[in-house]
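Readers should treat all values here as calculations from the given coordinates under stated rules, not as data from a laboratory. All of these numbers come straight from a predicted model, not from anything done at the bench. Note that each Cβ is placed from the backbone with ideal geometry, even for glycine, and that neighbours are counted across all protein chains shown.
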Amino acid sequence: MKRTSLLLLMTLLTLGCKEEKPAQTETEMTDRNWWKEKVLYQIYPQSFKDTNGDGFGDFQGVIEKLDYLESLGIGMVWMNPFFESPLVDNGYDVSDYRAIHPRYGTMEDFETMLSGMKERDIRFVLDVVVNHSSDQHPWFKEASSSRESKYFDYYHWWPAEKGEPPYRHSLFDPEGGWDYVEAVDAYYLHTFAEQQPDLNWENPELRQEVYDIMKFWAEKGVDGFRMDAFQFASKDTTYPEFPEGHEKEFIKWYGMRPQLHEYLKEMYKEVIEPYEVFAVAEGAGSTLQDAHDLVDADREELQTAYHFEYVDMARTPESFKLSEFKEVFSKWDSAFAKEGWLAVFLSNHDNARLVNRFGNPSPEFRRVSTQMLNTFLLSMRGTPYTYYGDELGMTNIDMPTIEEYVDIDAIGKYKTAQKAGEDMDAFMQVLNYSSRENSRTPMQWDTTAHAGFTDGTPWKQVNENYKEINVAVQEGDPNSVLNHFRNMTRLRNENEVLIYGDYQMILDDHQQIYAYTRTLNADKMLVILNFSDKQAEAALPDGLKTGKVLINNYQTLPFHDDSSLKLQPYQALIVQLK
Ligand code: GLC
Ligand code: CA
């Protein structure tokens with residue numbers, strides 16, 4: 001079988017009579033940047049590797065795994081927050097932006113880790129959580145003790161003499177986004193939990209504090225900044241009430257005010273330009289124009305951003321629709337084809353596992369479907385953001401009851417649903433599938449106890465499938481998800497067409513297949529992905545029929561003698577076109 005297919009392909013290769021020269025594209029190569037080219041790998045530090053047996057991952061653990069990181073072919077690491085924090089939101093509540101939380105190690109450990117990365121040509125992206133601080137930050141402690149304090153104006157307040165503040169929705173707090181502090185007789189605003197008061201970006205002194213923090217880390221050698229929850233940083237300070245029925249316009253209503261752009265320009269001049277670093281925003285506004293206004297190079301604001309449109313759309317297995325997926329990614333690509341640059345991501349610490357959401361976690365299809373998704377991620381235009389464990393196909397865990405959850409987001413959502421009188425069984429089913437706790441379980445290194453993550457008791461249960469899904473087992477298997485990931489990063493790193501090449505979708509209306517070409521001058525690649533658990537057939541358009549197969553997650557080739565395709569379930573191919 002294999003032999004025949006191969007022969008057929010060879011025939012296609014050699015007899016391919018239509019020797020069409022791909023058209024020259026207009027892709028401008030003048031604005032190349034390393035942060036467009038390197039693949040980003042996200043590390044959730046408490047779950048990566050523990051070296052002192054306390055059950056939490058630490059910097060020494062990352063240091064131990066530097067060679068592993070290098071072997072992945074990634075070029076930058078974004079690490080979630082590791083600063084001093086009461087850990088109400090696992091570090092997204094910072095009480096000292098210049099200090100390391102002791103559970104991760106010391107500043108010296110951080111520096112050793114950073115220089116180990118630099119030696120391997122891996123850059124480092126710091127998570128900057130400055131839409132809000134912790135309520136335990138000295139600024140907030142001062143602010144909430146006296147209206148006379150200069151720090152009072154570092155936060156957003158509604159003085160009680162104005163009466164009760166207008167209702168404000170909070171993303172984490174079912175009681176809403178204002179909390180009362182008696183000592184100052186005022187309510188402070190928090191978009192997230194009550195322990196995460198929002199910082200007041202309208203105050204120039206506060207902004208200067210933020211730039212100083214960024215400079216502190218840039219001087220240590222950090223190469224980039226991921227701006228957490230940044231769309232909310234600038235607010236309408238009349239704090240208008242959120243109108244019912246506009247839930248989907250949350251960002252438009254609560255964030256992205258025009259003055260945000262002034263602040264970003266200021267940040268650019270203060271930090272980004274002089275230190276030659278880059279900044280990526282979490283979120284890209286609510287329209288394509290918003291996103292352009294944030295990232296277009298001539299605006300000198302942010303350098304890149306990642307949008308949530310698709311990741312937010314498909315929250316349950318039933319809601320995944322390939323047609324929408326194709327439409328959303330094609331729309332964003334074409335909007336940024338000439339100007340601006342985005343990241344492409346499908347999973348991170350705020351979402352369930354990649355394979356559960358967009359692939360197929362069943363033992364039969366787990367491997368191939370994860371490989372197919374990684375082929376997508378690493379062959380699109382835009383910087384690929386990969387989340388630790390997705391290079392192995394790590395899966396969701398099963399947590400059917402609320403008592404098992406530790407995450408403030410899950411618990412907050414549960415309370416909100418309860419308050420609204422929702423069907424709580426149905427709610428738990430959705431939570432079990434979509435909760436971000438699914439993706440925070442310890443990294444699966446090998447088949448030993450706790451997957452080799454720790455000698456102690458892990459802070460969070462290890463997925464029980466760790467004996468099948470782990471680095472050690474996959475290292476030795478050339479067809480593993482891990483080695484496929486490496487093949488993909490190598491291919492991308494070696495072929496500029498996969499980075500800068502124009503994107504063009506083909507077979508637009510196909511119900512199972514997502515296919516597109518990438519073209520840069522004379523180089524042209526064809527990516528063909530079967531997103532379904534069934535075989536899929538299609539006829540390739542003329543001009544795309546012959547080429548060399550560079551990536552294939554099956555042993556068999558899908559070509560018929562008439563050069564139409566018959567793909568296996570979740571088959572993924574990259575063909576270098578002739
Ligand atoms: C961002 C982070 C998320 C965190 C929230 C509040 O969305 O990615 O993990 O809970 O901001 O800081
Ligand atoms: Ca530890």
Rounded to the nearest 20 debye, dipole of the chain from Cβ charges on Lys, Arg, Asp, Glu: 2440
Listed residues ASN479, VAL527, TYR500: farthest to the positive end of the dipole of the stretch 465-529 (Cβ charges): ASN479
Degrees between helix 2-15 axis and first principal axis of the chain (Cα, 0 to 90, nearest 10): 80
If each part is reduced to its alpha-carbon centroid, the stretch 232-296 and the stretch 112-189 end up apart, in Å, by 17
Mind jotting down the distance between the C-alpha centroids of the stretch 507-543 and the stretch 429-495, whole Å? 29
Could you sort 176-183, 283-290, 371-378 so that the peptide with the highest average Cβ count within 10 Å comes first and the rest follow in order? 371-378, 283-290, 176-183
Once amide H atoms are placed 1.01 Å from N in the peptide plane, what residues at a sequence separation of 5 or more from LEU342, or on another chain, have their amide H within under 5 Å of its amide H? THR383
Taking Cα atoms, the helix 322-335 axis meets the longest principal axis of the chain at an angle in degrees (rounded to 10) of 70
Amide H to amide H, which residues 5 or more places from ALA186 or on other chains are under 5 Å from it, using H placed in the peptide plane? ALA160, VAL181
From the phi angles alone, apply the Karplus equation (6.51, -1.76, 1.60; θ = phi - 60°) to the stretch 533-549 and give each ³J(HN,Hα) in whole Hz, x where the residue is Gly or Pro. 8, 10, 5, 9, 10, 6, 9, 7, x, 4, x, 10, 8, 10, x, 10, 7
Cross-link candidates for LYS36: which lysines have Cα within less than 23 Å, leaving aside residues fewer than 8 places away along the same chain? LYS118, LYS215, LYS220, LYS265, LYS269, LYS326, LYS331, LYS338, LYS524
Which of the lysines could be linked to LYS248 by a straight reach, that is with a Cα gap under 18 Å, when you skip same-chain ones fewer than 8 residues away? LYS235, LYS413
When the Karplus curve 6.51 cos²θ - 1.76 cosθ + 1.60 is applied with θ = phi - 60°, which whole-Hz ³J(HN,Hα) does each residue of the stretch 207-220 get, with x for Gly and Pro? 4, 4, 4, 5, 5, 5, 4, 5, 5, 3, 7, 5, 5, 6
As I understand it, the value is the acute angle between the Cα axis of helix 408-419 and the longest principal axis of the Cα atoms of the chain; what does it come to in degrees, rounded to 10? 80
Listed by chain and number, the aspartates and glutamates with an alpha carbon less than 14 angstrom from that of LYS467, same-chain partners under 8 positions apart left out, are ASP446, GLU475
